[in-house]
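To start, the structure under review is shown below, and the notes come after it.
The values are calculated or read from the model by the stated rules, or taken from the named source; none is laboratory data. This is a predicted model, so every value here is computed, not measured. All Cβ positions, even for glycine, are placed from backbone atoms using ideal geometry, and neighbour counts span all protein chains on display. Remember, those area values only see protein heavy atoms, side chains included, never the ligands or the DNA or RNA. Shrake-Rupley method; radii C 1.70, N 1.55, O 1.52, S 1.80 Å.
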Amino acid sequence: MTHELVIEAEGLVKSFGATKALQGVDLAVPRGTVLGVLGPNGAGKTTAVRILATLLRPDAGHARVAGHDVVREAEKVRRSVGLTGQYASVDEDLTGRQNLVLFGRLLDLRGPDAKARAVELLEWFDLTEAGDRMAKTYSGGMRRRLDLAASLVGRPEVIFLDEPTTGLDPTKREDMWGVVRSLVADGSTVLLTTQYLDEADALADAITVIDHGRVIAHDTPDGLKRVVGGQTLTVRPAVIEDLDRTAAILRGVAGTQAEQARKGVLTVPVSDDSALTTAVAQLASAGIAVTELSLHLPSLDEVFFTLTGRSAADDDLEEVA
């Protein structure tokens, strides 16, 4: 994996009247990776995306996307990026196919090439059967998929996905995740804002957390999880009568009392990965069979709360400044 930065932002500042949406935001996204941008409602995520996509000008700071300055070379940036916003932006009075062909023609594709690309994208997003229906007859999930397809017509080098799976059912969200992974495998670079922490965990190579217009954390998903502190060892003995002996072993391994998280299942906080190996050896030596044994970091939801003082449930859709 290359370390060449395809998205670079330093000191981005943007205010709307008395509201300071961004207060010196730095971002860096290497080629062929996914950066997840998380933050509470109104944190500044969408404002940052709009600046990077040349839809807003920063009050201060600078940014480059695909090697081009977002202010001085805005047209070149636009030819290098695709953007899917929080709300579908397709023309509802055109069919799905016509929408994609229109985007192709606007991107200077020849007629036959635009039509061929439309066919390809309709198939990719499972919209072939609905391709000749007007977009206003589409469900919300179908419109989101058509909107994302439209952003990919020009095979962009950089893709901005601002809450791309909002309103989709779990199955369609999984489908969209597959699309994002395919884009990255093909060499695209993705900046993803999302209100779903599991989405960031599943897709992002790195995560930047923004709060009140400032970057308050940046790391890999696992690195951020370590912010909460430690890991949790979970054990379920195969025989309930072994619960007390198992608890004693875990106390010896972790140096603290194990808790019964649910019936027959013990959990204990541990400081490092070696606890798992030690526990396995001691359980085997004691002749205690287990049906569940795992070591895991805190959830990204717990990290989010630790960093921002808010739960992910409070992070609905960011207000438009």
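If we scan region 43-63, do we find a residue that is of a type in the set (D, E, K, R) and over 22 Å from His218 (Cβ atoms)?
Yes, that holds for at least one residue.
So for region 73-85 (the condition being of a type outside the set (Gly, Ala, Ser), at pLDDT 90 or above and in contact with a Pro (Cβ under 6 Å, 6 or more places away or on another chain)), does at least one residue qualify?
Yes, because at least one residue in region 73-85 is of a type outside the set (Gly, Ala, Ser), at pLDDT 90 or above and in contact with a Pro (Cβ under 6 Å, 6 or more places away or on another chain).
Return yes or no: is Leu243 surrounded by 18 or more Cβ atoms within 10 Å (Cβ to Cβ) and in contact (Cβ under 8 Å) with a residue 24 or more places away in the chain?
Taking the combined requirement at face value, the residue does not satisfy it.
Find the strands (runs of 3 or more DSSP E) located wholly in region 178-246 whose residues include 1 or more that are touching a helix residue (DSSP H, G or I) at 6+ places or on another chain (Cβ under 6 Å) and more than 30 Å from Glu259 (Cα to Cα), and list them.
Hits in region 178-246: 189-193, 206-211, 214-219.
Please indicate, with yes or no, whether at least one residue in region 176-199 is open to solvent by 10 Å² or more (accessible area, probe 1.4 Å), closer than 20 Å to Pro40 by Cβ, charged (D, E, K, R) and touching a Pro at 6+ places or on another chain (Cβ under 8 Å).
no
Between Val265, Val280, which is farther than 22 Å from Asp222 by Cα, in contact with an Asp or Glu (Cβ under 7 Å, 6 or more places away or on another chain) and modelled with pLDDT of 90 or more?
Selected residue: Val265, the only one of Val265, Val280 that is farther than 22 Å from Asp222 by Cα, in contact with an Asp or Glu (Cβ under 7 Å, 6 or more places away or on another chain) and modelled with pLDDT of 90 or more.
Report, by residue number, each residue of region 127-146 that is at pLDDT below 90 and out of contact with any helix residue (DSSP H, G or I) (no Cβ under 7 Å at 6 or more places or on another chain).
Once the filter is applied, which keeps residues that are at pLDDT below 90 and out of contact with any helix residue (DSSP H, G or I) (no Cβ under 7 Å at 6 or more places or on another chain), region 127-146 yields Ser139, Gly140, Met142, Arg144, Arg145.
Would you pick out the residues in region 4-38 that are at positive phi and either touching a helix residue (DSSP H, G or I) at 6+ places or on another chain (Cβ under 9 Å) or in contact (Cβ under 8 Å) with a residue 12 or more places away in the chain (or both)?
Matches in region 4-38: Gly11, Gly24, Gly32.
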